[in-house]
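No lab work stands behind these numbers, since they all come straight from the coordinates. Predicted model only: the values in this text are computed from it and were never measured. For neighbour counting, all protein chains shown are included, and Cβ atoms are generated from backbone atoms with ideal geometry for every residue, glycine included.
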Amino acid sequence: MTKVNDFVVKFANVNGSGSASANLMFAKSIFRMGIPVTPKNIFPSNIQGLPTWFEVRISKDGYAARREGIDCFITLNPQTYQTDMKEILSGGYLIYDNTMPRNFSRKDINYIGIPMASICADHYDDPRQRQLFKNIVCLGALAVLVKIDLKIIENLIKEDFEKKPKLIPPNIKALHLGRDYALENLDRNLNISLKKIRTTKKKILIQGNEAAGLGCVYGGATVAGWYPITPSTSLVEAFQKYVNIFRVNDSGEVSAGIVQAEDEMASVGMAIGANWNGARAFTATSGPGISLMSEFLGLAYFAEIPLVLFNIQRGGPSTGMPTRTQQSDILSCAYASHGDTKHVLLFPSDPKECFEMAAQSFDLAEILQTPIIVMSDLDIGMNDWVTDPLHWDDDNKFQRGKVLKKKDLDDLVNWGRYLDVDGDGIPYRTLPGAHETKGSYFTRGTSHDAFAGYTEDGRINADNMMRITKKFKKSLKFLPKSIRKKAKKDTSVGLIYFGSTSVAVDEANDILEDQGYAVDLLRIRSFPFGRGISTFIDDHEHVIVMEQNRDAQMRSLLINELNKNGSNIYSILNFDGSPVTADFIVKSFLDLLKKNQFNIKSLKKKNQQRE
């Protein structure tokens, strides 16, 4: 039976071989045929030479999570042949370069040899071109084997090399060399195939960092202080690209500043200073950067200076797995810095929310006068996702919060920078130069009174700390609300999740529903936690928290912040660096049922008896 628009293709190569561009072209060509596709780039942290993989899931039903089991493996790295073969489903395909004879052990899969190196050696003299064009030759053969419209790939090549037009003809030549070889030599009756889908639904293919960088532009950011670190670097690069498009005046000057600092501490210090001066500024980093920025985060929190920080999470601890994904900075960000600090966190689940929350975060930072940390991860940030088009309402106006202008200061007799006038914990602030005689104050990180004066009085400091706590609690009305999805049947089991795990949870829920299990879902989108999350936990006898870290950090945060008894709150944890799959969630869920000896159907009966 042929699988149409529903299979997984995986590429194996070595870093620096140019394979990623060709593999992404493969995914984009399928997307342009109207077919839902999910590419995942799995790359090492060195520049070149180590194994790299690129996984593409094609799902006619639109499932966007990774799927276990490979239908077609294109393995061009002999070093990984044996491990690559283990992932192939029985009846699947192994495509390899047969320029040199190879022997394989599995009898239950199909082998397709293509002499890619030999083809390139016959048609290209340059050694580098021979290496790079092997990937395009393979792409041309794949177009025949799984039925991709070759014109689509040709257009992608033209787009990719628009600024280097001399590279277009040799790439298209390599594409046709692969196509011609497949037509003349290969059996094209595979049990996997693509068929163009005509749809009126508009979708885009975009990375989360790209969307967030654009969101910063729409959110009014004019300054980025940053230090390069995987996987956050491309966010600032995207911001730079878009300000060069949208922030250029008639004289050709770009009205934005992007400063690469000497380290993470300097980068966040620059962003804090720019915000203090009235700009909208941000920085982007990952886990190690959060550790280094911690003291400055405490300064921004206590001095109450707006700041936006993007944490594109990766594997840890220490250097850890810098090119793998995790959700392992939850606690370190929620309580970043020494002493009593607590920060507002946003949890986007896809690039569209990266765009929306990036733009929103600048309003939140100024309204609350505090750091806002956007908790993305490598999977969202550096992989391409199919999502709805990004939308912006041109009627949106920036919310600057409580900023006093010259006229306001003229009318004031006694202004205190940290004076709680309205009872909401948020004081009024000024910007440098707002008034010739009023509104100035000395910003300090040491203890201070309501008028920004230095004090050693512990009672005054305690009052100030409690006021900031009040502000933190009041932030709930401004933050994105959690999203609750009720099961079709009554159930006593709830599942809490957040961020990039959302697509896998949604698919796992469909599988569980087909198997007769009913589970209520709740997706967290921000911290501090709203009343709805507390109610969700209270409404269920058993609550499961799905997260991608070892230590169940979100579970700990929920128990600690909502003062819950954790005896009925369980964890599903994935921390191998790969985006979690629906199969993993389903298996872990069923294991929990067995281990804890609770049955959803019997729980449902108990609830009915109580009623």
Quiz prompt | Qualifying lysines (Cα of each under 27 Å from Cα of Lys164; at least 8 residues distant if same chain) | solution = Lys28, Lys40, Lys134, Lys151, Lys173, Lys241
Quiz prompt | Pairs of Lys in segment 423-549 closer than 30 Å at Cα, counting only those 8 or more apart or on different chains | solution = 15
Quiz item: With labels modelled as points extended 7 Å from the Cα through the Cβ direction, what inter-label distance (nm, one decimal) is found for Glu436 paired with Asp108?
Solution: 8.7 nm
Quiz item: Using the beta-carbon distance between Lys481 and Asp591 and R0 = 35 Å, what value does 1/(1 + (r/R0)^6) give for FRET efficiency, to the nearest 0.05?
Solution: 0.65
Quiz item: Could you give the distance between the Cα centres of segment 225-301 and segment 112-163, to the whole Å?
Solution: 39 Å
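Kirkwood hydrodynamic radius (Cα pairs, Å) of segment 206-387?
Working: mean 1/r = 0.0637 Å⁻¹.
About 15.7 Å, per the Kirkwood formula over Cα pairs.
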Self-check item: Cα centroid of segment 430-509 to Cα centroid of segment 524-585, whole Å
Solution: 20 Å
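What number, rounded to the nearest 500 deg cm²/dmol, is the helix-based mean residue ellipticity at 222 nm of the chain, given -39500 (n - 2.57) per DSSP H run of at least four residues and division by all its residues?
Numbers: 20 runs with 239 residues, N = 611.
Value at 222 nm, helices only: -12000 deg cm²/dmol.
Give me the dipole magnitude in Debye, nearest 20, for segment 206-387 about the Cα centre, with unit charges on the beta carbon: positive for Lys and Arg, negative for Asp and Glu. Please report the intermediate quantities before stating the final value.
Numbers: 7 positive and 19 negative charges, 15 e Å.
Charge dipole of segment 206-387: 80 debye, to the nearest 20.
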Quiz item: Once the Cβ-Cβ distance between Ser291 and Gln399 is put in as r, and R0 is 45 Å, what FRET efficiency do you end up with, to the nearest 0.05?
Solution: 0.90
Practice problem: Please report how far the C-alpha centroid of segment 384-421 lies from that of segment 38-90, rounded to the nearest whole angstrom. | Solution: 46 Å
Exercise. Name the aspartates and glutamates eligible as straight-distance cross-link partners of Lys195: C-alpha to C-alpha under 14 Å, and not fewer than 8 places from it in the same chain.
Key: Asp6, Asp61, Asp149
Quiz item: If contacts are Cα pairs under 8 angstrom and at least 6 residues apart, what is the relative contact order of the chain in percent?
Solution: 12 percent
Quiz item: Under a plain spin-label model, where a point goes 7 Å from the Cα along Cα-to-Cβ, how far apart in nm are Arg198 and Asp263?
Solution: 6.2 nm
Quiz item: For the pair Tyr335 and Ile245, how long in nm is the line joining their label points, each one 7 Å along Cα→Cβ?
Solution: 4.2 nm
Self-check item: Under 13 Å from Lys147, Cα to Cα: aspartates and glutamates that are on another chain or at least 8 residues apart
Solution: Asp187
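For a Förster distance of 56 Å, can you work out the FRET efficiency between the beta-carbons of Lys489 and Glu184, rounded to the nearest 0.05?
Details: r = 56 Å, r/R0 = 1.01.
In this case the efficiency is close to 0.50.
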Quiz item: Pick the calculated Rg/Rh (Cα atoms, Kirkwood Rh) for this structure from [x] 0.96; [y] 1.02; [z] 0.98?
Solution: [y]
Self-check item: Alpha-carbon Rg/Rh ratio, for segment 408-510, with Rh computed the Kirkwood way
Solution: 1.25
Exercise. Provide Ser492, Ser90, Ser19 in ascending order of the number of other Cβ atoms located within 10 Å of each residue's Cβ, fewest first.
Key: Ser90, Ser492, Ser19
